[in-house]
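Undergrad: The structure follows.
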Amino acid sequence: MNRTSECLFQEARQVIAGGVNSPVRAFGSVRSLPRFIQRASGSKIYDTDGREYIDYVLSWGPMILGHGHPRVVDAIRTAAEKGTSYGAPTELETSMGILIKEAFPAIELMRMVSSGTEATMSAIRLARGYTGKDKIVKFDGCYHGHADSLLVKAGSGVVTYGIPGSPGVPAALAALTFSLPFNDIEAFEETIALQGNDIACVIVEPVPGNMGVVLPEPGFLERIRELTAKNGILLIFDEVITGFRLTYGGYQTMKGIVPDLTCLGKIIGGGLPVGAFGGRKEIMDCLAPTGPVYQAGTLSGNPLAMAAGFATLKMLKELRKEYDSLNKKAEYLCREIKLLFDKRGFPVTLNQSGSLFTPFFTSDRVTDLISAQKSDTGFFIRFFQGMMERGIYLAPSAFEAVFLSFAHTTSDIEKTVEMMEDTLNHL
Ligand SMILES: *Cc1c(COP(=O)(O)O)cnc(C)c1O
């Protein structure tokens, strides 16, 4: 008999701070205990208590092919047999780079790193080094990893746990970060008018997924592109979630907006620790060893991580015509959710982009962090617990996205709708 999640969590808390290695995993905000996972396969995840769930977290985004895709697992196994790290370049890093560059024409040169946090942190340093300016602009509720400069009014676990900033981030550093309401072009124009000369870069999730999914209003990102270009400010698209999620490429390739730098992560690692940042050659050439801006990593471009990432991207390239049907599954789920909620008079607003969506438990439009926070978190807790009891694994926060994978079948989706109906009947 396996030990229960409850027992394992208790044990974990004796050795790991808070019992988890990333805060939202603790399920604290949903007044539940984390499930300890034993294994996962396709669209399913299994806990040590012997329960099976349809997984809509997908490791917070990376597993777009589903868990344990045989081609990805084979690639990792084959790579492992040749040694797991060399600290020297390999051909695979270039092959991976070529695939990314094909899909993201704005990325002329790139660097591989080991997480999304490293990608955004390095991109910000590079932007500061390149422009010789210190201030940066981000948007409330966007999450760009946990580097000091970016933990100002951030999303993800920061909003889930209601932490406005983080102790430990020096005030002097936080003062260099302006955080503005997403979709508020006037606030942006005003900031540029007043501070434009001191701003190195603007970093944005083109479709924010870390305050729940929020869509950019028509023209918002285009106007940001226009104003940043005019003022010598670099535009950084953080496509750590959206990269290879909405299409084979990024939001930028769908919309034809060309950022100066792009950050990637999650999907490009195929479930192994990978991030990447890249952009215009002229900017990337400022990085050491070509230029003076320092950035490095013992495990950057790690052969196992590159093997998993390369296998994933190759597979996705073959599947690129199938994104439509993946996205349609999300559309279908959203329609069904809306029907189920409307029938009972429960307020819900669905924001969807490709295979990403968030049901906000409010009847108002959700266009930024303030409106996202109108979602009824008490209702979310009961909804979340009901779904978990019925074998549907959702992110333990009202401010995260639901992720779908190519492995989710029509019967998974049907079962999810059925379980949701039952959950709502018991609320
Ligand atoms: C997850 C995420 C990050 C951070 O990536 P890690 O691999 O967790 O460090 C950065 N930006 C966005 C948009 C993310 O969703």
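Undergrad: Which ones in the stretch 35-48 are open to solvent by less than 50 Å² (accessible area, probe 1.4 Å), without any contact (Cβ under 8 Å) to a residue 60 or more places away in the chain and either touching a His at 6+ places or on another chain (Cβ under 9 Å) or over 20 Å from E414 (Cα atoms) (or both)?
TA: Across the stretch 35-48, the qualifying residues are A40, K44, D47, T48.
Undergrad: A further question on this structure: Which residues, counting only those in the stretch 224-281, are acidic (D, E) and under 21 Å from H146 (Cα atoms)?
TA: If the condition is that a residue be acidic (D, E) and under 21 Å from H146 (Cα atoms), then D238, E239 are the ones that fit.
Undergrad: Could you check L126 against (1) under 17 Å from the mean Cα position of the chain (by Cα); (2) open to solvent by less than 10 Å² (accessible area, probe 1.4 Å) and say which number it fails?
TA: Every listed condition holds for L126 apart from (1).
Undergrad: Could you please let me know if P170 is in contact (Cβ under 8 Å) with a residue 24 or more places away in the chain, away from the ligand (no atom under 16 Å from the Cβ) and in the same structural domain as G269 (by TED's automatic domain parsing)?
TA: Taking the combined requirement at face value, the residue does not satisfy it.
Undergrad: Next question. Of everything in the stretch 11-55, what is of a type in the set (G, A, S), over 14 Å from L394 (Cα atoms) and in a loop (DSSP other than H, G, I, E, B)? Give them in sequence order.
TA: S22, G50
Undergrad: Given A187, A147, A119, which one is assigned by TED's automatic domain parsing to the domain that holds A88, of a type outside the set (F, W, Y) and away from the ligand (no atom under 15 Å from the Cβ)?
TA: Unique residue meeting the criteria: A187.
Undergrad: A follow-up question, please. Kindly provide the set of residues from the stretch 13-25 that are touching a residue at least 24 places away in the same chain (Cβ under 8 Å) and open to solvent by less than 30 Å² (accessible area, probe 1.4 Å), ordered by number.
TA: If the condition is that a residue be touching a residue at least 24 places away in the same chain (Cβ under 8 Å) and open to solvent by less than 30 Å² (accessible area, probe 1.4 Å), then V24 is the only one that fits.
Yes/no matrix, rows are residues, columns are (1) within 16 Å of the ligand (Cβ to nearest atom); (2) among the basic types (K, R); (3) surrounded by 17 or more Cβ atoms within 10 Å (Cβ to Cβ); (4) in a loop (DSSP other than H, G, I, E, B):
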{"site": "F182", "(1), (2), (3), (4)": "yes, no, yes, yes"}
{"site": "G196", "(1), (2), (3), (4)": "no, no, yes, no"}
{"site": "P208", "(1), (2), (3), (4)": "yes, no, yes, yes"}
{"site": "E226", "(1), (2), (3), (4)": "no, no, no, no"}
{"site": "F244", "(1), (2), (3), (4)": "yes, no, yes, yes"}
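Undergrad: Going residue by residue through the stretch 29-47, is there one that turns out to be farther than 20 Å from G386 by Cβ and within 16 Å of the ligand (Cβ to nearest atom)?
TA: The answer is no; no qualifying residue exists.
The values are calculated or read from the model by the stated rules, or taken from the named source; none is laboratory data. Since we're looking at a predicted model, the values are computed, not measured. Don't worry about glycine lacking a Cβ; one is built from the backbone with ideal geometry, like all the others, and counts go over all protein chains shown. SASA here: full protein model, heavy atoms, side chains in, ligands and nucleic acids out. Shrake-Rupley method; radii C 1.70, N 1.55, O 1.52, S 1.80 Å.
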